[in-house]
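Here the structure comes first, spelled out in structure tokens, and everything after it is commentary.
Every read-out reported here was derived from the displayed coordinates using simple, explicitly stated rules and does not represent laboratory data. Every value quoted in this text rests on a predicted model; they were computed, and no experiment measured them. When we count neighbours, we look across all protein chains shown, and the Cβ atoms used for this are built from the backbone with ideal geometry, even at glycine.
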Amino acid sequence: MNILAIESSCDETACAIIADEARILSNVVVSQIDIHSAYGGVIPEIAARSHIEAILPVVHQALADAKLAITDIDAIAVTHTPGLVGSLLIGTLTARTLSVIHDIPLYPVHHLKSHIYANWLSGHNPDFPLIALVLSGGHTQIIRMTAHNDFTILGSTRDDAIGEVFDKVAKILGLPYPGGPAIAQAAKSGNDQAYHLPIPQVSGLDFSFSGLKTAVLRAVQQALNLPISTPSHVLKDHLSAQQIADFAASFQTTAAKIIALKLHQALLDYPDTKSILLAGGVSANQIIRDTITQRFHHNHHVFFPEPAFCTDNAAMVGAAAYYAIQAGTQATDPYALDISPRSPIS
Ligand code: KG4
Ligand code: ZN
């Protein structure tokens, strides 16, 4: 079966063709990062307009790279939730139109499920039951799966998503958007013990990250001997390169500790867990990967996607659709498929 998958939920326009067992035949991603970095974050109207320009060339390129025609496609998969409304609309309207014109079954895919299924793209086959940590720019969740296409949310962030905090801390430190890779780079020459940042105390398996962001802000103000009324955007002008590196390293290590701590709690609650999966843009972070691997690999198989499949792409959408179809999911009506900016995994 050949699945043509489309992803446009945020600022990447992507199309991939996926064959059986989530084998990648082609994978095209056009990123808008260069456009949005000038503004320090994603501007939804610009994202939607850029998707309109890119979507058809990206679909054509994916077919050409796979050396296939649209008539060789057996199923179309598309991200329909969650994400930016204007961005989601471009991908779903394209998928619906292709589905109607060429009479190809259409499968809507939840974006966070796709991130989890990026773990099946490298020929891996994680054992169930498993616990997946979705660490993205918009979401932070602990999800348990006992079989393909079976998801139970165990915990979520109560405020900011972890990627959002990487981006906001980067802004405080004067590092570019997106903040995650910039913080990881700056942290390489930093001392992660230079600044003590508190671990938020949140009961159960929920997360809270807004306190960590404020703790970095206060620590920067204190290190510079500036009053707490000092606006965050002027702090970067006073920081030395070494201070920026030390704050980046201290923040990154604290974020990794928070994730490891919650994962530890989840594994105590679910002792039958066989595999641990990291997913989403922040799972590209090497310190987080190393921390989780070192701490848990003795008793569990730890998986994470290749870096290119951690951030948004359509190959993971095709993988999620492939396993959903195998598990018996039926195609949807292409005339009726709607988008939703927010909706939980179900
Ligand atoms: O999953 P994703 O591509 O988009 C959403 O679905 O939200 O995640 C984007 C997030 C951004 O916040 C970005 O700063 C973060 O992933 N990110 C990283 C790294 N690469 C991307 N965070 C930490 N370390 C990285 N190496
Ligand atoms: Zn994403």
Three principal axis lengths of the chain [C-alpha, angstrom, descending]:
66, 46, 31
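What does the charge add up to near Lys257, with Lys and Arg as +1, Asp and Glu as -1, over the other residues with Cβ less than 15 Å from its Cβ?
Numbers: positive: Lys262, Arg289, Arg295; negative: Asp192, Asp290.
The answer is +1.
Determine the equivalent ellipsoid of segment 151-232 by diagonalising the alpha-carbon gyration tensor, then write out the semi-axes as square roots of 5 times the eigenvalues, largest first, rounded to whole Å.
Details: eigenvalues 116, 52, 31 Å².
Largest first, segment 151-232 gives 24, 16, 12 Å.
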Label-point separation (nm) for Ser232 and His102, each offset 7 Å from Cα along Cα-to-Cβ?
4.4 nm
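Please tell me which of these pairs span more than 22 angstrom C-alpha to C-alpha: Lys113/Lys171; Lys113/Lys168; Lys168/Lys236?
From Lys113/Lys171; Lys113/Lys168; Lys168/Lys236, over 22 Å: Lys113/Lys171; Lys113/Lys168.
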Taking N as the number of residues in segment 19-83, what value does Rg over Cα atoms divided by 2.2 N^0.38 Å take?
1.35
Which aspartates and glutamates have a Cα lying under 17 Å from the Cα of Lys213, excluding residues fewer than 8 positions away in the same chain?
Asp159, Asp160, Glu164, Asp167, Asp192, Asp246
Cross-link candidates for Lys67: which aspartates and glutamates have Cα within less than 18 Å, leaving aside residues fewer than 8 places away along the same chain?
Asp20
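Find how much the distance from Leu93 to Thr71 grows on full extension, using 0.36 nm per residue of separation minus their present alpha carbon separation; answer in nm with one decimal. Working shown, then result.
On the way: separation 22, 0.36 × 22 = 7.92 nm, distance 1.90 nm.
6.0 nm is the gain from fully extending Leu93 to Thr71.
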I want to make sure I understand the PRE zone here: with the label point 7 angstrom from the Cα of Ala64 toward its beta carbon, which residues in segment 20-42 have backbone N atoms less than 19 Å away?
25-31
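Considering only the other residues whose Cβ falls under 12 Å of the Cβ of His297, what net charge follows from Lys and Arg at +1 and Asp and Glu at -1?
Working: positive: Arg289, Arg295; negative: Asp290.
Combined, the nearby Lys, Arg, Asp and Glu give +1.
Summing +1 for each Lys or Arg and -1 for each Asp or Glu, what net charge is found among the other residues whose Cβ lies under 15 Å from the Cβ of Thr79? Write down the numbers at each step before the final one.
Working: positive: Arg96, Lys113, Arg342; negative: Glu7, Asp11, Glu12, Asp312, Asp338.
Taking every other residue near Thr79 into account, the sum is -2.
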Just to be sure I understand: of the beta bridges DSSP finds with both ends in the chain, what percent are antiparallel, rounded to 5?
55 percent
Fully extended contour minus Cα-Cα distance, from Thr329 to Leu56, at 0.36 nm per residue
95.6 nm
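Send over the semi-axes of segment 126-304's equivalent ellipsoid, whole angstrom and largest first, taken as the square roots of 5 times the C-alpha gyration tensor eigenvalues. Present the calculation step by step, with values, prior to reporting the outcome.
On the way: eigenvalues 197, 46, 36 Å².
Semi-axes, largest first: 31, 15, 13 Å.
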